[in-house]
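Encoded as structure tokens, the structure appears first; notes follow it.
The values are calculated or read from the model by the stated rules, or taken from the named source; none is laboratory data. Predicted, not measured: the structure shown is a model, and the values here were computed from it. Ligands, DNA and RNA are stripped out before the accessible areas are found, and what is left, the full protein with its side chains, is counted by its heavy atoms. Shrake-Rupley method; radii C 1.70, N 1.55, O 1.52, S 1.80 Å.
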Amino acid sequence: MNLNPERMPPGLSNRGFTMVELLVALVVSLLALGAIYSTFLNQQKSYHIQDETAAMHQNIRAAMFYMEREIRMAGCDPTGRSDAKMLEPKANSIRFTEDIAGDNPGDDPDGETNDPNEDIKYSLSGGNLVRENVSLGGGAQMVAQNIDALNFVYLDGNSPPNVLNPGGIDVPAGSEDQIRAVEVTIVARTQRPLLASQNSRSYVNQRGTEILPPQNDHVSRRRLTAVIHCRNLGL
């Protein structure tokens with residue numbers, strides 16, 4: 001039954017929305033949806049940035065942990081017969097030996113450095129930190145991904161210590177037995193570009209030597225340095 005507009009109660013009308021009113025409502029709805037979507041995108045971007053940054057920090061800390069633990073044992077020679085020492089103290093890689101086990105698991109040190117995990121090398125390969133178990137000859141195993149720079153500074157036992165490889169050179173032949181500590185610097189990166197502005201920073205070690213020139217990209221990086229005292233060297 002149709003209602004006569006003239007007889008309808010006050011406040012009621014059978015007149016629909018006009019085209020202008022519909023367009024205004026549509027525009028307001030679209031603006032609201034756009035604001036919601038923009039907020040969602042910003043939250044997603046913030047989440048990815050935090051996730052990538054946390055992964056980078058965890059990555060660099062794990063890399064340093066593994067190197068600290070093993071480099072500290074360089075030169076371990078409880079029998080006095082293994083001649084464990086620093087073998088290749090270079091600016092961008094390190095190789096050392098230690099006598100920590102025998103021929104079989106659980107055996108005491110046997111005066112040799114040819115057992116597993118007794119001849120070790122750390123270096124960079126393809127943007128990754130790798131560890132080579134030289135005594136096994138099994139090739140390099142990845143320790144940490146997305147590592148842009150790896151630098152070693154070798155210190156003697158003086159107080160204050162002297163740098164045995166100043167300016168980023170390798171330790172001169174014949175000076176390996178003077179090493180008492182190693183200053184390790186790592187530069188890690190996020191897997192994807194995260195920065196709005198260009199990263200033109202130059203990364204240096206604690207001695208002021210550049211170890212990574214400006215990359216001029218949008219990747220976030222972090223530098224970490226640790227001084228490792230090799231308690232078995234020089235004994």
Legend entry - Å² of accessible area per residue within the range 97-160, as computed with a 1.4 Å probe and no ligands counted: 46 Å²
Inset, instruction - Skip the ligands, DNA and RNA, and give the accessible area per residue of the range 179-226 with a 1.4 Å probe, whole Å². - result: 49 Å²
Inset, instruction - Determine Rg/Rh for the chain; Rg is computed over alpha-carbon atoms and Rh is the Kirkwood hydrodynamic estimate from the same atoms. - result: 1.43
Legend entry - Amide H contacts of Ile211 (H built 1.01 Å from N, under 5 Å, at least 5 apart or other chain): Tyr203, Val204, Asn205
Inset, instruction - Kindly sort Asp115, Asp217 by accessible area of their heavy atoms, largest first, with the probe set to 1.4 Å. - result: Asp217, Asp115
Legend entry - Sulfur and carbon atoms: percent of accessible area, the range 149-235 [1.4 Å]: 45 percent
